[in-house]
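Notes to accompany the following structure.
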């Protein structure tokens, strides 16, 4: 199943397949969100936004609208 | 000094760069300024061998050399410009071994800029606990540089690092000339022709980041834009592809140099301490409660615990003054020294315990990694008001002092969010307002009364003023958000670092620096104002002051000598330059309930509000019961009578009107100067001054008219 990171629920894992925003993608890549990487949604702030994910061994936070620019594939 | 080899420390935030800096340089550190930017420059001397030293420069933490916010710009301005006075002879890239690939990205960029580089692998133990074993010898061979394993916090591995640095300084490993992602040779040739010979990757950095680099003139920037057009070069897509390319290469290297035990044993991922703690700190309900609890503790410390050292300072200054008054001849100059200067300096010193406590808490929250969690849970709320999760830190520090608070907005990437945060931060009640609040609340709120028999009313009033400042800041931010209709992408992609125990040495240093800056900045202004005010209150236009005594005596022939002296002193103050200023603005401040004496205090407070109490004591000691040595400023103000009503001047209406005025008014030159420096335009400090002062005037007017 494919969708965006914003659709995941806490505890779910997915694999990054691409980005839809060029400007954000550079920052996300630099932070280690590479296509092919498996991530896990670990926390949601109150009101569901921002979110935190586990990526290559550390925790990264981002807003929901930013998460929506990351295309993912769930198993 | 300048002959020492320069070593730059570079690394991701939280990789252990500052710990390593402390381990290398110990107490041989110095905090200065970078030329042209108001950013603390941390340098230190590292004794490589007896008689062989190196200068170490600690640069801000970054994830890549492409800057996303103002504090990150500094790094390319130094590393991309060999003519920069701080350009290093070599770099140590500090890498968190538990997140090797991401940390190596920055390393590879620095090395490609042509700077001889050593890789310092930190937190190898953390990586091993997570099941990753790094073969650093193999890594060194693959990357063709020296690698040293260190434990920055414990100071282990420094000797190995020293050998690696010595070797690198001697051999100056040739940098990799190939670009990570090739571009046309004619583009590089064009850059070389127009801007001189440079390392190919550095040329590309110039081409892509010329707007952020201070070394280029306007004409040179336009030249770069033209080159981009001519060669159809797209910076954004180059950077993106370059990053992917670098990661591909690094992945292969990491694959060869790191053994993943988890994969071999098929072990489930380890639940770390950080994961467990985040269950509480990031909990949708519990997270807020914990944050509120921490805030409560912080205020408790600032207002209750800090009271003891503050009383001690207060008593010490008073004793010193009494002593000086005893041994020095009673003259105007002694008055200036004791009531003016020393009282003024005492007024600054008395804030030191509170500021130290505040910075203790704030640096503790930052050190442990908790501050990022606060940003995380507050972001959504703050965004509704045009702010940002990262605005929490400036707003919290604003309770101590707006100057460092405004400087801490540099980490906010979005210009609009940053600007709004800068504009509203001074509305937070800073510690300089505290003595004014204390004096005025004591005048207008009855001391003994409590609410429901448990809350002290004076304490509640004080807390209310802090809340008022916060709500006004949020509200103003919301209004500015409506006015500033800029569509700018602000983002919140940030690392939530692992929790760490605080490094007390590091904290002590940061508290010391903040307090020192505050004492000297505020101290300078207060000393200057005290002298100016003393002169203005002691001299008047023409010979008006010398004739006062005669005319008062003629008008009141029956008065006794002490009464006459009081009358003369009061009349002299009124006839002085300060008195003229006070009378001049009286019509403007009359609707707020203020007389010309308060007018003088208001005028002097516009340089720095903490001057208020000092000014009041100067005015009332000059114009009031001079013989009453023991009267505190509070009692002198309480005794002041409104000539029109015959009742005490400082009634509830005037007291609250003044409190509100001081809560909202922009009365701090240092803050305005900081806003100017941080926004690089006079427009914003001017707007800040106008909107806050208007807000103060209107609110004080409403309060006075309602209560009078």
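The values are calculated or read from the model by the stated rules, or taken from the named source; none is laboratory data. This one's a predicted model, so the numbers in the text were calculated from it and none came from an experiment. Positions of Cβ are generated from backbone atoms using ideal geometry, with glycine treated the same way; all protein chains shown enter the neighbour counts.
Pick from region B:450-496 the residues that are within 14 Å of another protein chain (Cβ to nearest Cβ) and touching a strand residue (DSSP E or B) at 6+ places or on another chain (Cβ under 8 Å): which of them is modelled with the lowest pLDDT?
B:491
Taking residue A:6, is it buried (at least 16 other Cβ atoms within 10 Å of the Cβ), more than 9 Å from chain B (Cβ to nearest Cβ) and assigned to a helix (DSSP H, G or I)?
yes
Evaluate region B:111-127: report whether one residue or more is within 14 Å of chain A (Cβ to nearest Cβ) and over 20 Å from residue B:20 (Cα atoms).
No, every residue in region B:111-127 fails to be within 14 Å of chain A (Cβ to nearest Cβ) and over 20 Å from residue B:20 (Cα atoms).
If we scan region B:326-348, do we find a residue that is in contact (Cβ under 8 Å) with a residue 12 or more places away in the chain, within 30 Å of residue B:464 (Cα to Cα), outside the structural domain of residue B:531 (by TED's automatic domain parsing) and outside any helix (DSSP H, G or I)?
Scanning region B:326-348 turns up no residue that is in contact (Cβ under 8 Å) with a residue 12 or more places away in the chain, within 30 Å of residue B:464 (Cα to Cα), outside the structural domain of residue B:531 (by TED's automatic domain parsing) and outside any helix (DSSP H, G or I).
Taking the condition of being exposed (fewer than 14 other Cβ atoms within 10 Å of the Cβ) and either closer than 30 Å to residue B:612 by Cβ or in contact with a helix residue (DSSP H, G or I) (Cβ under 8 Å, 6 or more places away or on another chain) (or both), how many residues in region B:552-590 meet it?
Count: 8.
Does at least one position in region B:612-619 carry a residue that is at pLDDT below 75, under 15 Å from residue B:444 (Cα atoms) and either part of a loop (DSSP other than H, G, I, E, B) or out of contact with any strand residue (DSSP E or B) (no Cβ under 9 Å at 6 or more places or on another chain) (or both)?
Looking through region B:612-619, none of the residues is at pLDDT below 75, under 15 Å from residue B:444 (Cα atoms) and either part of a loop (DSSP other than H, G, I, E, B) or out of contact with any strand residue (DSSP E or B) (no Cβ under 9 Å at 6 or more places or on another chain) (or both).
Return the only residue of A:41, A:28, A:34 being buried (at least 18 other Cβ atoms within 10 Å of the Cβ) and more than 12 Å from chain B (Cβ to nearest Cβ).
The unique qualifying residue is A:41.
Please specify each residue of region B:67-90 satisfying the condition of being outside any helix (DSSP H, G or I) and surrounded by 21 or more Cβ atoms within 10 Å (Cβ to Cβ).
Residues satisfying the conditions are B:80, B:88.
Quick check, is residue B:358 touching a helix residue (DSSP H, G or I) at 6+ places or on another chain (Cβ under 9 Å), buried (at least 20 other Cβ atoms within 10 Å of the Cβ) and part of a helix (DSSP H, G or I)?
Here the answer is yes, as residue B:358 does meet what is asked.
Is it the case that residue B:429 is within 16 Å of the chain's Cα centre (by Cα) and either over 27 Å from residue B:685 (Cβ atoms) or outside any helix (DSSP H, G or I) (or both)?
When the stated conditions are applied, residue B:429 passes them.
Which of (1) outside any loop (DSSP other than H, G, I, E, B); (2) out of contact with any helix residue (DSSP H, G or I) (no Cβ under 8 Å at 6 or more places or on another chain); (3) under 24 Å from residue B:232 (Cβ atoms) does residue B:192 not meet, given it meets every other one?
Status for residue B:192: all satisfied but (2).
Mind listing whichever residues of region B:380-418 are in a loop (DSSP other than H, G, I, E, B) and within 12 Å of chain A (Cβ to nearest Cβ)?
Passing the criteria: B:388, B:413, B:414.
When the residues of region A:44-65 are narrowed to those that are out of contact with any strand residue (DSSP E or B) (no Cβ under 7 Å at 6 or more places or on another chain) and more than 7 Å from chain B (Cβ to nearest Cβ), which ends up surrounded by the fewest Cβ atoms within 10 Å (Cβ to Cβ)?
A:48
Does any residue of region A:13-20 turn out to be within 11 Å of another protein chain (Cβ to nearest Cβ), assigned to a loop (DSSP other than H, G, I, E, B) and within 13 Å of residue A:67 (Cα to Cα)?
no
Out of all the residues in region B:132-145, is one or more crowded, with 17+ Cβ neighbours inside 10 Å and assigned to a strand (DSSP E or B)?
Yes.
Could you pull out the residue among B:64, B:108 that is crowded, with 18+ Cβ neighbours inside 10 Å, in a loop (DSSP other than H, G, I, E, B) and modelled with pLDDT of 90 or more?
B:64
Could you check region B:200-299 for helices (runs of 4 or more DSSP H) lying wholly inside it with 3 or more residues that are touching a strand residue (DSSP E or B) at 6+ places or on another chain (Cβ under 8 Å) and within 13 Å of chain A (Cβ to nearest Cβ)?
Correct list: B:273-281.
Is it fair to say residue B:501 is under 16 Å from residue B:18 (Cα atoms) and outside any helix (DSSP H, G or I)?
yes
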